[in-house]
Amino acid sequence: MGFFIVKRLLGGVVLLLAVSLVAFTMLYIGGGDIARRLLGENATAEVVAQKAAELGLDRPFVLQYVDWLGGAVTGDLGRSWFTSQSVFVDVSNRLPVTLSIVIGAVLLAAIVSITLGVLAALRGGWLDGVVQVISVIGFSIPNFLIALGLVVVFAINLGWFKATGYVPIGTSFEGWIASVTLPIIALSLATIATVTQQVRGSVIDAMSRDYVRTLQTRGLGTGIVVFQHVLRNAGGPALAVLAVQFIGLLGGAIVIEQVFALPGIGQLTVQATTLGDVPVVMGVVITTAIIVVLVNLAIDLAQAALNPKVRLS
Amino acid sequence: MTAVDVPPTVPVAVAKVSIFRRLLRKPVAVAAMVFLLVLAVVAILGPLLAPYDPNGGAIQDILAPPSADHPLGADSSGRDVLSRLLAATQVSIAAALLATVTALTIGVIAGLLAGYYRGWLDSVTSWFTSLVMALPGIVVLLAARTILGPSVWLAMLVFGIILSPAYFRLVYAAVSGVRNELYIDAARVSGLSDSRIIGRHILSVVRAPIIIQSAIIAGIAIAIQSGLEFLGLGDLAVPTWGAMLNDAFANIYQAPMLMLWPALAISLTCIALTLLANSMRDILERTVAVRRRRRRVVTTGTGSIAAVTTSFSMSGADANLLDEVEELSEQPEVIHPDDEASARLGDGSLLRIQGLRVAYGQGRASSVEVVHGVSLDIRPGEIHGLVGESGSGKTQTAFAVLGVLPRGGEITAGSIVFDGTELADGSPQAYRGIRGTRIAYIPQEPMSNLDPSFRIGFQLVQPLRKTLGLSKKAATQKALELLARVGIPDPERTFRAYPFEVSGGMAQRVLIAGAVSTEPDLIIADEPTTALDVTVQAEVLDLIRDLQRERGMAVLLVTHNFGVVADLCDRVTVMQHGRFVETGPVRSILRSPEHPYTRSLLGAILDGGPARGALVGSEGNPS
């Protein structure tokens, strides 16, 4: 088990190095052009060169990368070219907002998908039909459109929630709940659609296994067989799908935040992208990649806990 | 998802109808295709139809409501919404196509090369895939936007690259699968060039999945592109659905209707693409299922139940086979009188089955009966053999007694009385205190009958605690004793092992231990030795006989093997095509079989050939 974790961790580190190298190359390779873009077409060559030197863009590329990497390892992601704010501070201030809606969406999706998926698999009938409709809608309609719909119906017409703004959980718990509810629902629908289908399929598959019949003949009730044996065996594939979905949720959150004016990573990225604030964009890229690697590790561990074959091989 | 549409009696025609023709039979698919066709026409002709310049606004028209001049109103810059919508359709569709074609080109070519030639390309592409998977697409697009600027086209080009692994995986898997097939070797030997082989044999396999994937990817591209534009990151000079939404959202309180049109355009397009992809997938999966089913029906020839039950557990309904079954031997069951040996069992009845009928299918009209009214008495302490070829209904009868018929199967008539309790209604209440306590089951295939996620010990202890109410300690103690009793050399180790860590013979001993653990009065053993090695078979049969003598249990032994019957059984019932044809004391039946089917079964052994092979051909045994 220890070996398993170390192996996965090493793989994650290598992946992060690769992501950072590729992203850094793409973002910084412009060198002098970057300074030109920042200053506009009218700036003289002299001013551009001065700006490039000021930002350290005139140094050899490899040196720039090693410098950045050295800083990143110690938690220093550089400073914004526009606000001179520390990128690390900027990102860590906004991360909780993004993570609270992403994690909220994962939890909501997990609960709803498992419930709906199991019921649809065992009962079938009209419930199965409902699940199919939810799946098509959730899968195909972009989540920001769903968010817009929720805003129009629940915030503007019914007035149940505030349309925009964020209340930190430390300030007021109810306020926080009210400010993240609609974003979480909008974000989770696509995941619910996909994971419900997956759970439904896995449960149907697991129910048709020979061992399920044998367990029934041993006098175990349907409840125990489904919750202890079927769900455990159906859990692996469903978790794998959830891992992929998590990456999608992280991306979806960036767009959703704009709809609800939540001060998260998305807002930061959109601003930095429009301005050409390369250090901030780089900081967001590497933070996102770290989160993805950590989540994948966690899901691998969960897989190992669920499935002895993974653990023992 | 649709119900019956292809009777298997004319399967040849089914397989030849193109996917497109069958799509036309699905209303949902037709609606989706019509919508997409209209959309394509609008995308091509849109700018010509537009009454105004999509980018030319007039101050007096700002946020104008719908009117004769502006049928859908005007936006916050006074631009005509209808004209913008038409122009935006062209740009949005073209952008989605660009992403799809980019992904398709890269993914298919890389997949073909990596799958066909392997080598370094293989690892490069798998690295690229994990890199792309490490970041949400939108984050990559935002980073790209930082350096590439606001162009829709560049963004979609990048997105196409990000999406290419979706095609890559599909093609790669198909190529790897096909690569070592014999017909590819044959093509190579006959002198076809690699490119011809790829084009002819491999692309034809992945064509349909690629079309499905393309519909999905086009939908994703539209979603993400409109998302980017909605964030205000697009080129302001280019009208797109997302940019229109952005403008509408900014004015959501003044002119809420502005959001409706672009939102509808995006949603309907995405839904149409998804529904089209789903319909095509349904058809493809169905085609595969029909082909498989056809093969089964052909090889079993006589319309045996194996074919019917198997096809039913897989999919739809086909009642035609019923007729074939009905035509077969209506000769009454031959009943031999008790002889000396069987008379000693007494004439009490532990399990009495009367007029049992089992059928599969949804609803009466389309159901197929696989057990046609059978009756049987099992006396306390007897070993009763139930013999017949694969698909004769033996296992269905056994499952009916246990109340564990597979999905779609049900008892349609008759009664099953176990020691005074009626079980035929299959309710959990009826089985409480009986199934798993007084009636136990030994399955055919040991490995698949143990849950791979739990240790063997747990799978013995859990039922003991549930049914007998033992403490964990007592149940563990009992399980270990049982493991020792069934001849497992190191019970402690097996107790802690996972099912995949022990051999098939050991696993079957574990299942036998589980079955006898509650000291049942009746054990139903469904071909308990078929899946085992010949040497192990004898040991397991000995074990069952020993346990039966030791505990005085009755055993219903389902088998196709008369050797086993002769060795073990007191009485025997012969089953064919869902009916009992002959029943009686084992000696009497072996010496003077009367029914022609019993004779042929016995003859098959006397001829020296394997009983199964001579009767049922090469079909696998799902019963």
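Counting just the residues of segment A:164-219 that are buried (at least 22 other Cβ atoms within 10 Å of the Cβ) and touching a His at 6+ places or on another chain (Cβ under 8 Å), which one comes out modelled with the lowest pLDDT?
Taking the candidates together, the pick is A:Ala206.
Mind checking whether some residue in segment B:156-174 is modelled with pLDDT under 80, out of contact with any strand residue (DSSP E or B) (no Cβ under 6 Å at 6 or more places or on another chain), farther than 23 Å from A:Asn296 by Cα and surrounded by 15 or more Cβ atoms within 10 Å (Cβ to Cβ)?
yes
When segment A:258-312 is examined, which residues are found to be among the polar types (S, T, N, Q), at the interface with another protein chain (Cβ under 10 Å from one of its Cβ atoms) and closer than 30 Å to B:Phe454 by Cβ?
A:Asn296, A:Asn307
Residue by residue through segment A:9-41, note down the ones that are basic (Lys, Arg) and without any contact (Cβ under 8 Å) to a residue 40 or more places away in the chain.
Our first condition is that a residue be basic (Lys, Arg); within segment A:9-41, this holds for A:36-37.
A:Arg36, the sole residue that qualifies.
Looking only at strands (runs of 3 or more DSSP E) that lie completely in segment B:358-432, which have at least 2 residues being within 14 Å of chain A (Cβ to nearest Cβ) and out of contact with any Lys or Arg (no Cβ under 6 Å at 6 or more places or on another chain)?
On the way: elements: B:368-378, B:383-387, B:409-418.
Counting at least 2 such residues, we get B:409-418.
Is at least one residue of segment A:83-102 under 24 Å from the mean Cα position of the chain (by Cα), of a type outside the set (Asp, Glu), within 19 Å of A:Thr194 (Cα to Cα) and surrounded by 15 or more Cβ atoms within 10 Å (Cβ to Cβ)?
In the first step, residues of segment A:83-102 are kept if they are under 24 Å from the mean Cα position of the chain (by Cα); the result is A:86-102.
After this cut, where a residue has to be of a type outside the set (Asp, Glu) as well, the list is A:86-89, A:91-102.
Right, trim to within 19 Å of A:Thr194 (Cα to Cα) and you get A:101-102.
Applying the additional criterion that residues be surrounded by 15 or more Cβ atoms within 10 Å (Cβ to Cβ) yields A:101-102.
Yes: one or more hits.
What's the number of the only condition in (1) of a type outside the set (S, T, N, Q); (2) modelled with pLDDT under 85; (3) within 26 Å of the chain's Cα centre (by Cα) that B:Gly433 fails to meet?
(3)
Would you point out which residue out of A:Ser100, A:Ser113 is more than 30 Å from A:Asp205 (Cα to Cα) and among the small types (Gly, Ala, Ser)?
A:Ser100
Just to be sure I understand the filter: pairs with C-beta atoms under 9 Å, separated by 6 or more residues or on different chains, first member in segment B:124-146 and in contact (Cβ under 8 Å) with a residue 60 or more places away in the chain, second member among the basic types (Lys, Arg). Which pairs pass?
So the pair list comes out empty.
Do we have A:Gly129 as of a type outside the set (A, V, I, L, M, F, W, C), assigned to a helix (DSSP H, G or I) and modelled with pLDDT under 90 here? So that I can check it myself, show each step before the final result.
Numbers: of a type outside the set (A, V, I, L, M, F, W, C): yes; assigned to a helix (DSSP H, G or I): yes; modelled with pLDDT under 90: yes.
Yes; evaluated as a whole, the condition is true for this residue.
Could you please let me know if B:Ile197 is within 14 Å of chain A (Cβ to nearest Cβ), in a helix (DSSP H, G or I) and over 20 Å from B:Ser151 (Cα atoms)? First the steps, then the outcome.
Values: within 14 Å of chain A (Cβ to nearest Cβ): no; in a helix (DSSP H, G or I): yes; over 20 Å from B:Ser151 (Cα atoms): yes.
Here the answer is no, as B:Ile197 does not meet what is asked.
Could you tell me which residue of segment B:223-259 is surrounded by the fewest Cβ atoms within 10 Å (Cβ to Cβ), considering only residues that are assigned to a helix (DSSP H, G or I) and facing another protein chain (nearest Cβ under 7 Å)?
Here is the first cut: in segment B:223-259, the ones assigned to a helix (DSSP H, G or I) are B:223-230, B:241-250, B:256-259.
Next, from what is left, pick out any that are facing another protein chain (nearest Cβ under 7 Å): B:223, B:226-227, B:230, B:249, B:256, B:259.
Numbers: B:Ala223: 26, B:Ser226: 32, B:Gly227: 26, B:Phe230: 28, B:Phe249: 21, B:Pro256: 14, B:Met259: 21.
Top of the filtered list is B:Pro256.
How many residues, within segment B:227-244, are modelled with pLDDT of 85 or more, more than 18 Å from A:Gly251 (Cβ to Cβ) and hydrophobic (A, V, I, L, M, F, W, C)?
3
When you go through (1) at pLDDT 85 or above; (2) out of contact with any Gly (no Cβ under 6 Å at 6 or more places or on another chain); (3) outside the structural domain of A:Ile256 (by TED's automatic domain parsing) one by one for A:Leu55, which number turns out not to apply?
Failed condition: (1).
So B:Thr309 fits all but one of (1) at pLDDT 85 or above; (2) in contact with a helix residue (DSSP H, G or I) (Cβ under 8 Å, 6 or more places away or on another chain); what number is the exception?
With (1) at pLDDT 85 or above; (2) in contact with a helix residue (DSSP H, G or I) (Cβ under 8 Å, 6 or more places away or on another chain) applied to B:Thr309, the lone miss is (1).
Hey, could you check segment B:461-479 for residues that are within 9 Å of another protein chain (Cβ to nearest Cβ) and touching a Gly at 6+ places or on another chain (Cβ under 7 Å) and say which is surrounded by the most Cβ atoms within 10 Å (Cβ to Cβ)?
B:Pro463
Let me confirm something: among B:Ala68, B:Ala74, B:Ala31, B:Ala40, which residue is hydrophobic (A, V, I, L, M, F, W, C), touching a residue at least 12 places away in the same chain (Cβ under 8 Å) and over 26 Å from B:Val152 (Cα atoms)?
Values: B:Ala68 fails: touching a residue at least 12 places away in the same chain (Cβ under 8 Å); B:Ala74 fails: over 26 Å from B:Val152 (Cα atoms); B:Ala40 fails: over 26 Å from B:Val152 (Cα atoms).
Just one listed residue meets the conditions, B:Ala31.
Do the conditions hold for A:Ile134, that is, is it within 14 Å of another protein chain (Cβ to nearest Cβ) and touching a residue at least 24 places away in the same chain (Cβ under 8 Å)?
yes
Spot the failing condition for A:Gly252; the list is (1) in a helix (DSSP H, G or I); (2) surrounded by fewer than 23 Cβ atoms within 10 Å (Cβ to Cβ), and only one is missed.
Among (1) in a helix (DSSP H, G or I); (2) surrounded by fewer than 23 Cβ atoms within 10 Å (Cβ to Cβ), A:Gly252 violates only (2).
Does segment A:199-220 contain any residue that is farther than 20 Å from A:Ala120 by Cβ, touching a Leu at 6+ places or on another chain (Cβ under 6 Å) and not aromatic (Phe, Trp, Tyr)?
yes
Do you know which residues across segment B:37-81 are closer than 12 Å to B:Leu258 by Cβ and in a helix (DSSP H, G or I)?
Listed by number, the list holds a single entry, B:Val81.
One line per residue, one yes/no per condition, for (1) within 30 Å of A:Val293 (Cα to Cα); (2) without any contact (Cβ under 8 Å) to a residue 12 or more places away in the chain; (3) over 28 Å from the mean Cα position of the chain (by Cα); (4) in a helix (DSSP H, G or I):
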position	(1), (2), (3), (4)
A:Val180	yes, no, no, yes
A:Ala186	yes, no, no, yes
A:Gln197	yes, no, no, yes
A:Ser202	yes, no, no, yes
A:Arg213	no, yes, yes, yes
A:Ile224	no, yes, yes, yes
A:His229	yes, no, yes, yes
A:Gly235	yes, no, no, yes
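Hey, among the residues in segment B:136-155 that are more than 11 Å from chain A (Cβ to nearest Cβ) and surrounded by fewer than 21 Cβ atoms within 10 Å (Cβ to Cβ), which one's modelled with the lowest pLDDT?
Across segment B:136-155, the extreme among qualifying residues is B:Ser151.
Sort out which residues of segment B:433-458 are within 8 Å of chain A (Cβ to nearest Cβ), crowded, with 18+ Cβ neighbours inside 10 Å and part of a helix (DSSP H, G or I), and write them in order of number.
Hit for segment B:433-458 is B:Asn449, nothing else.
Within segment A:151-177, which residues are in contact (Cβ under 8 Å) with a residue 60 or more places away in the chain, part of a loop (DSSP other than H, G, I, E, B) and within 14 Å of another protein chain (Cβ to nearest Cβ)? Before the answer, list the steps.
Residues of segment A:151-177 in contact (Cβ under 8 Å) with a residue 60 or more places away in the chain: A:151, A:163-166, A:168-169, A:176.
Still in the running and part of a loop (DSSP other than H, G, I, E, B): A:163-166, A:168-169.
A:Ala163, A:Thr164 - these are the residues of segment A:151-177 that are in contact (Cβ under 8 Å) with a residue 60 or more places away in the chain, part of a loop (DSSP other than H, G, I, E, B) and within 14 Å of another protein chain (Cβ to nearest Cβ).
Let me confirm something: among A:Thr83, A:Thr98, which residue is away from every other protein chain (no Cβ under 14 Å) and hydroxyl-bearing (Ser, Thr, Tyr)? So that I can check it myself, show each step before the final result.
Numbers: A:Thr98 fails: away from every other protein chain (no Cβ under 14 Å).
The conditions single out A:Thr83.
Of (1) part of a helix (DSSP H, G or I); (2) crowded, with 17+ Cβ neighbours inside 10 Å; (3) at pLDDT below 90; (4) more than 13 Å from every other protein chain (Cβ to nearest Cβ), B:Ile488 satisfies all except one. Which?
The failed condition is (1).
Has segment B:191-206 got at least one residue that is touching a residue at least 24 places away in the same chain (Cβ under 8 Å) and basic (Lys, Arg)?
No: segment B:191-206 contains no residue that is touching a residue at least 24 places away in the same chain (Cβ under 8 Å) and basic (Lys, Arg).
The values are calculated or read from the model by the stated rules, or taken from the named source; none is laboratory data. Remember, it's a predicted structure, so these values are computed and weren't measured experimentally. Using ideal geometry, Cβ is built from the backbone for each residue, glycine included, and neighbour counts are taken over all protein chains shown.
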